[in-house]
Amino acid sequence: QRVSVEVLDHLEHLALVDFRDAEGVQRLQKAVQFADQLQEVNTDGIEPMDSVLEDRCLYLREDDVTEGNCTKELLENAREKVEEYFVAPPGNIPLPKLGERETFLQGS
Amino acid sequence: LAPWVPVVGLEIHAQISSNSKLFSGSQVQFAAPPNSLVSFFDASLPGTLPVLNRRCVEAAVMTGLALNCSINKKSLFDRKHYFYADLPAGYQITQQRVPIAVNGSLSYSLCIDNKMSQMVTKTVRIKQIQLEQDSGKSLHDDTRSQTLVDLNRAGVGLMEVVMEPDMCCGEEAAAAVRELQLILQTLGSSQAVMAEGQLRVDANVSVHHPGEPYGVRTEVKNINSIRFLAKAVDYEIQRQIEELENGGTILNETRAFDSKLGCTVPMRDKEGKQDYRFMPEPNLPPLILYDAKSLPANMNHQQVINIDWIHERLPDLPSVKREKLVEQYGILPEHSFTLLNEEGLAEFFENVVKQTQMKPKKVIGWILQDLLSYLKQHSLTVKESPVSSFLLADLLNLLEKKEISSTAAKQVLAELWKGEGKTPLEIVKEQKLQLLQDQKELEQICQAVIDRQENE
């Protein structure tokens, strides 16, 4: 069962990754096939488990101020800063559409 | 032309009033130097983990109870993924699958035809309340083509209150939000000041013909006050009706309200439908809440949240306060609305009543007409009133004892507004406003007037 080009393009848009080459796409397909094995188990009437932590106690913290005040440290790794603000591009720059960008998927 | 039925739903984000953030110990404060209230977790540095703030959970439970919701004893946290510079982790921790509270209701009142005397009560269903993180703030610098990011707000606790599309116009939406605001402020779970971003409202608007399925809805954002909420909703309803009557279609899009132009415009950064790739938050076990029956015996009580304990300690909600005012003082329901609508006014009224022999039904007129209109004219809050409840009570006592007339009382009040520290009695004496009670003196004056007439 192949993963369609539309789905691959959609994933590239969402996650800002690219599948690079045929091997990358194949790896994805194999991963999907592997996960699909889960569908073979009959789970009728069973509540899904989404975390191995489900029996753990969720720790509740007291509402005290215990951190922050480390502007200098946080900005140390920023490539660009303006007066203690982080600098980012003006809004999201979406990935160009499939026909307009360089991607392996073009040829598929 | 067939009639149109507008449908309005609301998504309201209320910032939780707490000292520290939802999942970290950095401080929650409105104005502070950029990036000074940011912990490593808020900045999404690797190796950090979320730790849930107990106070935020309590705030959400209180709010859920006040809105007649069922509190889910087990609720879950999820990740909602999207890319934006002010969301450093690339996802927001929220409660998409099983939120903390569901299926509530909110009652609010409207004046029919702008007459305060005819009020009607409406109800809007509350779909759910969920706990989630706030994002940081982006400052757009168009001249230098860059965005400046301040993460002080990133990670602050929010309660998202989802109201079902039971409303039909701007006025209803505004009244519902106003009542929610009063409830939150009474509970103390949020200060809900819209101007400081503590209460944010997005409206979902669509129109359809009666009997037909609901139309395509648009989401309207960037609404900065309750007044603008009513305007934005009404504008969008009109826009959709006009578009459809001209043979056009409505796009399922997000629009921003432009308060200067009074219209809604498409928002550029929201392209197509977002796919948030929801997944369970792997670092947080389910949130378990207890009640009196299910309370575990051996747990550290700091780790336990008891819904019944919280319920017992809920303060009187605005609707209850209004009923009590009407019952206790014999004032009209619409009076009770105005009293609660102005911060501190109900307390002021009660303080005056305590200190005067004048009946509350008469006092209320002085409060709502004279005091309130003066405060409004000079844009003052009740706290800032130059006339204290003590002074007003003093004045009303003079009136009640018939030492001055009602007209004179208004004159004295006008003098009191100057805030020069004079007592009502001093002003009455200064301006010779005392009512003459002496029969003989009155006869003399009348006789003098008659004599003058005869001489002319």
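Taken together, the values in this text are just the output of simple stated rules run on the coordinates, not laboratory data. Since we're looking at a predicted model, the values are computed, not measured. Counting neighbours? That spans all protein chains shown, and the Cβs are built from the backbone with ideal geometry, glycine included.
Quick notes on this one:
- Of the chymotrypsin sites (Phe, Trp or Tyr not before Pro) in the range A:1-68, those whose Cβ has at most 15 other Cβ within 10 Å and which sit in DSSP loop: A:Tyr59
- When only the Cβ of Lys, Arg, Asp and Glu is charged (+1, +1, -1, -1), the dipole of the range B:154-271 relative to its Cα centre reaches about 420 debye.
- Under the convention that each Lys and Arg Cβ holds +1 and each Asp and Glu Cβ holds -1, the size of the dipole of the range B:318-439 around its Cα centre is about 200 debye.
- Euclidean distance between Cα centres, the range A:1-68 to the range B:54-88, Å: 23
- Model label zone, B:Lys361; criterion: amide N under 17 Å from point 7 Å along Cα-to-beta-carbon; scope the range B:387-425: B:400
- Among the listed pairs B:Lys383/B:Lys418; B:Lys376/B:Lys410; B:Lys321/B:Lys354; A:Lys72/B:Lys80; B:Lys376/B:Lys429, a Cα-Cα separation exceeding 22 Å is found for A:Lys72/B:Lys80; B:Lys376/B:Lys429.
- As an equivalent ellipsoid, the protein assembly as shown spans semi-axes of 58, 28, 25 angstrom, where each value is the square root of five times an eigenvalue of the C-alpha gyration tensor, largest first.
- Between helix B:389-400 and chain B there is an angle of about 40 degrees, using the helix long axis and the longest principal axis of the Cα atoms.
- Fraction of antiparallel bridges per DSSP, chain B only, in percent to nearest 5: 95
- Degrees between helix B:54-66 axis and first principal axis of chain B (Cα, 0 to 90, nearest 10): 60
- Charge-dipole axis of the protein assembly as shown as Lys and Arg at +1 and Asp and Glu at -1 on Cβ define it, positive-most pick from B:Met194, B:Gln357, B:Leu289: B:Gln357
- For the range B:5-288, the fraction of C-alpha pairs more than 27 angstrom apart is 43%.
- Rounded to the nearest 20 debye, dipole of the protein assembly as shown from Cβ charges on Lys, Arg, Asp, Glu: 600
- Lys/Arg +1, Asp/Glu -1 at C-beta; the range B:318-439 dipole; positive extreme among B:Ile404, B:Pro318, B:Thr381: B:Ile404
- Between 0 and 90°, nearest 10: helix B:439-455 axis offset from chain B longest Cα axis: 70
- The region of chain A that goes longest without hitting one of the trypsin sites (Lys or Arg not before Pro) in a DSSP loop, each with at most 16 other Cβ atoms within 10 Å, is A:21-55.
- Close amide H contacts of B:Asn35 (hydrogens built in the peptide plane, cut-off under 5 Å, sequence separation of 5 or more or a different chain): B:Leu151, B:Asn152.
- Residues in the range B:180-195 reached by a label modelled at B:Met119 [backbone nitrogen below 19 Å; 7 Å Cα→Cβ]: B:180-187
- Of the chymotrypsin sites (Phe, Trp or Tyr not before Pro) found in the range B:162-253, the ones in coil according to DSSP and having at most 16 other Cβ atoms within 10 Å of their Cβ are B:Tyr214.
- Residue-wise HN-Hα coupling along the range B:404-409, computed from phi with Karplus coefficients 6.51, -1.76, 1.60 (Hz; x: Gly, Pro): 9, 8, 5, 5, 5, 4
- DSSP beta bridge pairing in the protein assembly as shown, given as percent antiparallel to the nearest 5: 90
- Helix-only mean residue ellipticity at 222 nm for the protein assembly as shown, each DSSP H run of n ≥ 4 adding -39500 (n - 2.57), per residue, nearest 500: -9500 deg cm²/dmol
- Against the empirical 2.2 N^0.38 Å (N residues), the range B:318-439 has a Cα radius of gyration ratio of 1.08.
- At an R0 of 56 angstrom, the distance between the Cβ atoms of B:Gln444 and B:Cys111 translates into a FRET efficiency of 0.60.
- Leading residue at positive end of dipole, the range B:5-288 (Cβ point charges), from B:Gln181, B:Tyr108, B:Ser75: B:Ser75
- Sparse-neighbourhood loop sites, GluC sites (Glu not before Pro) in the range A:5-102 - DSSP loop, at most 15 other Cβ within 10 angstrom: A:Glu54, A:Glu62, A:Glu76, A:Glu80, A:Glu83, A:Glu102
- Taking 19 Å as the straight-line reach from the Cα of B:Lys74, the lysines in range (excluding those fewer than 8 positions away in the same chain) are B:Lys127, B:Lys293.
- Gap separating the Cα centres of the range B:11-37 and the range B:407-456, nearest whole Å: 59
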